[in-house]
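The structure under discussion appears below in the form of structure tokens.
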């Protein structure tokens, strides 16, 4: 496959002509409707691919450059412009997709490209109506405001002005008073923005609830599930999974935190102690961001020919931005630039033990995108569904365990222990995030303070060890405000928890037979979004996390691993 020569910094941005895109979509719709042969329909499908790939690439360039520096006025305005215009052209693009769904040659399309493309088109149709366009535009403005608010943090601490990621670096500091002070400043930032965050969250719930009603649903919950691409499981399965987490993950995490309290030698483990895993200090990378990238390149060349080629591609085309800077959005993500068959990784490393986790996590996403873009015939299949996508990333974290010494030297065992423990600790928290969203969207009339109280109740169930040491804001339930996914990506967060089960299963397979485990992982990455959730799990040889005992098996395996590190 011939590869374009480019670097991200020199990538040209041309604003999409939405009027022209709409006209082209209408013309293609007419041609599909009137097509007399399969070849004519297939030609239209290829033209739609080019049309949407160009548009998506332009939108993604803007989104990346906006998050790289939220203070850049041009890309801030351009990002808002695109978020306003995209919903307006959506009806014409959906009409085009519907013409493929209804065409006389659908059977031939399914035979060549699979049925999942039509499943995805049907979901897009179900979650959109023109009446919701103004609501979608308002939703985009609110989520952008929240993101910018988080990126704007300028907190004086330890002689420097720090953003949220810079402050989090001190959560694992050797001096307990420094940890406490950093945590208090973190809390104070959110407390200082509480009133506006309450308003944003309240407005988002009202907007999304109205969207659902306009689509004929009683609440936003089923719409949120469809937006996540869920077709072969629903609320009942997720609720039962949460029960398994309460029964098996919460007790294990409570036990692990009690062991940590004893290691640290404190009477009560406070929230600001949780990231200080070892009394003598957590593992710290042996170098800066450039060192991490150089080591990652060596590691990926050792893992496989595919990952080596991928690492070279990412570095040579400037597709990694890892340094934490003022104005940079407080998040981490992977996205794709379809025209260039290129993933892009965004992160804010802060020289803590979590840097390797963040890097390998996002590179797992990126590797999956890289492989799918070279294997799949349709851009609709470049991304897998969100509940599968996190398996790529979290499993990559596990596959790179044996290379920990490259990043941490003689502190490698500390990293391995804290990384695995942290993966387990995410399970109760992430499950609480999911239940919190179900409560909020299922009861939209709750007041802002009542919602925060609901989070406090969930903390007692899912994180019974959590103590905030008389921090008023967090004590009354304010901790949830820091989780960006709650505002931006409804019902996404449970994907991290579902896929923890798959990642731990891959880790166990890898211990037994590395070659077989890696072969299954490559299959998972290459298939992209061409299959449904359950089909993909079966194809990659993975269990279904909703099955009874899935959480118990994962927790028992992880606990046994921790004992042997």
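If you filter segment 304-325 down to residues that are surrounded by fewer than 16 Cβ atoms within 10 Å (Cβ to Cβ) and in contact with a helix residue (DSSP H, G or I) (Cβ under 9 Å, 6 or more places away or on another chain), you find that the one that is farthest from residue 384 (Cα to Cα) is 325. Contact annotation: residue pairs with Cβ atoms under 7 Å, 6 or more positions apart or on different chains, pairing a residue in segment 245-270 that is without any contact (Cβ under 8 Å) to a residue 60 or more places away in the chain with a partner that is in a helix (DSSP H, G or I), are 264/273. Of all residues in segment 271-289, those being touching a strand residue (DSSP E or B) at 6+ places or on another chain (Cβ under 9 Å) and free of Cβ contacts under 8 Å to residues at least 60 places away in the same chain number 0.
Per the listing 317, 301, the residue uniquely modelled with pLDDT of 95 or more, touching a strand residue (DSSP E or B) at 6+ places or on another chain (Cβ under 7 Å) and closer than 26 Å to residue 518 by Cβ is 317. Criterion applied to 347, 366 was being free of Cβ contacts under 8 Å to residues at least 40 places away in the same chain, crowded, with 21+ Cβ neighbours inside 10 Å and under 17 Å from the mean Cα position of the chain (by Cα), and the one residue passing it is 347. Restricting attention to segment 246-272, the residues that are farther than 14 Å from residue 558 by Cα and assigned to a helix (DSSP H, G or I) total 13.
Residues that are closer than 14 Å to residue 504 by Cα and in contact (Cβ under 8 Å) with a residue 24 or more places away in the chain were ranked within segment 554-565; the one that is surrounded by the most Cβ atoms within 10 Å (Cβ to Cβ) is 554. Only a single criterion out of (1) more than 29 Å from residue 84 (Cβ to Cβ); (2) loosely packed, with under 12 Cβ neighbours inside 10 Å; (3) in contact with a helix residue (DSSP H, G or I) (Cβ under 9 Å, 6 or more places away or on another chain); (4) without any contact (Cβ under 8 Å) to a residue 60 or more places away in the chain is not satisfied by residue 7, namely (4).
In the set (1) surrounded by 24 or more Cβ atoms within 10 Å (Cβ to Cβ); (2) at pLDDT 95 or above, the condition left unmet by residue 441 is number (1). Number of residues in segment 163-185 that are assigned to a helix (DSSP H, G or I) and under 22 Å from residue 68 (Cα atoms) equals 6.
Among the residues of segment 344-356, is there at least one that is part of a helix (DSSP H, G or I) and in contact with a helix residue (DSSP H, G or I) (Cβ under 7 Å, 6 or more places away or on another chain)? Within segment 344-356, one or more residues are part of a helix (DSSP H, G or I) and in contact with a helix residue (DSSP H, G or I) (Cβ under 7 Å, 6 or more places away or on another chain).
Counting the residues of segment 65-89 that are more than 30 Å from residue 27 (Cβ to Cβ) and surrounded by 19 or more Cβ atoms within 10 Å (Cβ to Cβ) gives 5. Taking the condition touching a residue at least 40 places away in the same chain (Cβ under 8 Å), part of a helix (DSSP H, G or I) and within 29 Å of the chain's Cα centre (by Cα), does residue 92 pass? Yes; evaluated as a whole, the condition is true for this residue. For residue 41, work out the one condition from (1) surrounded by fewer than 20 Cβ atoms within 10 Å (Cβ to Cβ); (2) closer than 21 Å to residue 113 by Cα it doesn't fulfil. All conditions pass for residue 41, except number (1). Within the set of pairs 6+ apart or on separate chains, which have a first residue in segment 312-327 that is touching a residue at least 40 places away in the same chain (Cβ under 8 Å) and on the phi > 0 side of the Ramachandran plot, a second that is part of a helix (DSSP H, G or I) and buried (at least 16 other Cβ atoms within 10 Å of the Cβ), and C-beta atoms under 7 Å apart? Between residues of segment 312-327 that are touching a residue at least 40 places away in the same chain (Cβ under 8 Å) and on the phi > 0 side of the Ramachandran plot and residues that are part of a helix (DSSP H, G or I) and buried (at least 16 other Cβ atoms within 10 Å of the Cβ), the close pairs are 318/8; 327/151. Exposed (fewer than 15 other Cβ atoms within 10 Å of the Cβ) and either closer than 28 Å to residue 413 by Cβ or under 25 Å from the mean Cα position of the chain (by Cα) (or both): does that describe residue 299? No: the conditions fail for residue 299. Within segment 273-303, the set of residues being out of contact with any helix residue (DSSP H, G or I) (no Cβ under 7 Å at 6 or more places or on another chain), under 30 Å from residue 524 (Cβ atoms) and part of a loop (DSSP other than H, G, I, E, B) is empty. Right, residue 493: buried (at least 19 other Cβ atoms within 10 Å of the Cβ), more than 24 Å from the chain's Cα centre (by Cα) and at pLDDT 95 or above or not? Judged against the criteria, residue 493 is not a match.
With at pLDDT below 95, over 30 Å from residue 274 (Cα atoms) and touching a helix residue (DSSP H, G or I) at 6+ places or on another chain (Cβ under 8 Å) as the only criterion, which of 231, 209 stands out?
Unique residue meeting the criteria: 231.
Per-residue answers, yes or no, for (1) under 26 Å from the mean Cα position of the chain (by Cα); (2) surrounded by fewer than 19 Cβ atoms within 10 Å (Cβ to Cβ); (3) closer than 17 Å to residue 129 by Cα; (4) in contact (Cβ under 8 Å) with a residue 24 or more places away in the chain:
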{"residue": "175", "(1), (2), (3), (4)": "no, yes, no, no"}
{"residue": "181", "(1), (2), (3), (4)": "no, yes, no, yes"}
{"residue": "186", "(1), (2), (3), (4)": "yes, no, no, yes"}
{"residue": "196", "(1), (2), (3), (4)": "yes, yes, no, yes"}
{"residue": "204", "(1), (2), (3), (4)": "yes, no, no, yes"}
{"residue": "208", "(1), (2), (3), (4)": "yes, no, yes, yes"}
{"residue": "216", "(1), (2), (3), (4)": "no, yes, yes, no"}
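In the set (1) more than 24 Å from the chain's Cα centre (by Cα); (2) surrounded by 15 or more Cβ atoms within 10 Å (Cβ to Cβ); (3) outside any helix (DSSP H, G or I), the condition left unmet by residue 108 is number (3).
For every residue, the table says whether it meets (1) closer than 25 Å to residue 382 by Cβ; (2) assigned to a helix (DSSP H, G or I); (3) without any contact (Cβ under 8 Å) to a residue 40 or more places away in the chain; (4) in contact with a helix residue (DSSP H, G or I) (Cβ under 7 Å, 6 or more places away or on another chain).
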residue: 26; (1), (2), (3), (4): no, yes, no, yes
residue: 30; (1), (2), (3), (4): no, yes, yes, no
residue: 41; (1), (2), (3), (4): yes, yes, no, yes
residue: 46; (1), (2), (3), (4): yes, yes, yes, no
residue: 56; (1), (2), (3), (4): yes, yes, no, yes
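Residue check: residue 82 meets all listed conditions (1) touching a residue at least 60 places away in the same chain (Cβ under 8 Å); (2) over 23 Å from the mean Cα position of the chain (by Cα); (3) farther than 20 Å from residue 348 by Cβ but one, namely (2).
The values are calculated or read from the model by the stated rules, or taken from the named source; none is laboratory data. Nothing here was measured: the structure is a model prediction, and the numbers come from that model. Every residue, glycine among them, receives a Cβ derived from its backbone with ideal geometry; neighbour counts consider all protein chains shown.
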